[in-house]
Amino acid sequence: MSRESRKEAKAAAAAAKAAYKANRPFYRKKRYWVLSLIALVVIAAASAGGGGTGAVVGNHAGAPASEAQQAAQQYLQTQAFSRQGLIDQLDSSAGSQYSPSAATQAVDSLSVDWDKEAVQAAQQYLQTQPFSCPALVEQLASSAGSKFTQSQAEYGAHHTKACA
């Protein structure tokens, strides 16, 4: 057998193999199995609920109060909240989705200085835009704002440069 005929035989074998691979059913192709395996892993991870990565996401309507308490502590570490604002964040569909009773129980179980939180919230507002003293009190106490009590809002505002 000559060198050219061996090359032709190899080329013909390669072409036959390629034709076989191209014409085989989808369930015999590697990419089908790889994608199926990835989908299976994603579904299994989603149904298992994932681990405690620090992100609080998902529906926690039947979760223990200790989980809601941990979520509340995490929220307080990132920004200032009023009692009502924190409860709303915990039971919000855009937040952690705990039940209202679990959220309330979690927040009430924490020892939080709400006046200090009001000062921090006031300082956060002043970092984004200037406020007059009355406008800052109104923003802190507003149901569309931070939802602090009137006395907490006044305390928070009066401990900033806006009311100095």
Residues meeting the amide H criterion for TYR98 (H placed from the backbone, H to H distance under 5 Å, 5 or more places apart or on another chain) are HIS60, ASP91, SER92
Quick one: what are the phi-derived ³J(HN,Hα) couplings along the range 84-95, Karplus 6.51/-1.76/1.60 with θ = phi - 60°, whole Hz, x for glycine and proline? 5, x, 6, 4, 4, 5, 5, 9, 6, 5, 8, x
Would you mind classifying the range 65-109 by shape? Square roots of the alpha carbon gyration tensor eigenvalues, ordered a ≥ b ≥ c; an a/c under 1.5 is rounded, otherwise it is prolate if a/b is larger than b/c and oblate if not. rounded
Whole-Hz ³J(HN,Hα) from phi, Karplus 6.51 cos²θ - 1.76 cosθ + 1.60, for the range 102-117, glycine and proline x: 5, 5, 5, 4, 5, 5, 5, 7, 8, 9, 10, 8, 5, 5, 5, 4
Subtracting the Cα-Cα distance of LYS21 and ALA144 from 0.36 nm times their residue separation yields 38.0 nm
Using amide H atoms built in the peptide plane, which far-off residues or other-chain residues are under 5 Å from THR149 H to H? none
Could you tell me how many degrees, from 0 to 90 and to the nearest 10, lie between the Cα long axis of helix 65-78 and the main elongation axis, the longest principal axis, of the Cα atoms of the chain? 80 degrees
Computed over the chain, Kirkwood Rh from alpha-carbon pairs, angstrom: 20.4 Å
Answer rounded, prolate or oblate for the range 114-163, using the Cα gyration tensor with square roots of eigenvalues a ≥ b ≥ c: rounded when a/c is under 1.5, else prolate when a/b is larger than b/c, else oblate. rounded
Which one of LEU35, ALA80, ALA118 has its Cα pushed farthest toward the positive end of the charge dipole of the chain, where Lys and Arg give +1 and Asp and Glu give -1 at the Cβ? LEU35
Please turn the phi angles of the range 150-157 into ³J(HN,Hα) values with the Karplus equation 6.51 cos²θ - 1.76 cosθ + 1.60 (θ = phi - 60°), one per residue in order, whole Hz, x for glycine and proline. 4, 5, 5, 5, 5, 4, x, 5
Quick calc, the range 3-48, dipole around Cα centre from Cβ unit charges on Lys, Arg (+) and Asp, Glu (-), nearest 20 debye, gives 240 debye
Largest-first principal axis extents of the Cα set of the range 3-48 (Å): 60, 18, 7
Lysines within cross-link reach of LYS21: Cα-Cα under 22 Å, excluding same-chain residues under 8 positions apart? LYS7, LYS10, LYS29, LYS30
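Coordinate-derived values only; no laboratory data. Here the structure is a predicted model, which means the values were calculated and not measured. Every residue, glycine among them, receives a Cβ derived from its backbone with ideal geometry; neighbour counts consider all protein chains shown.
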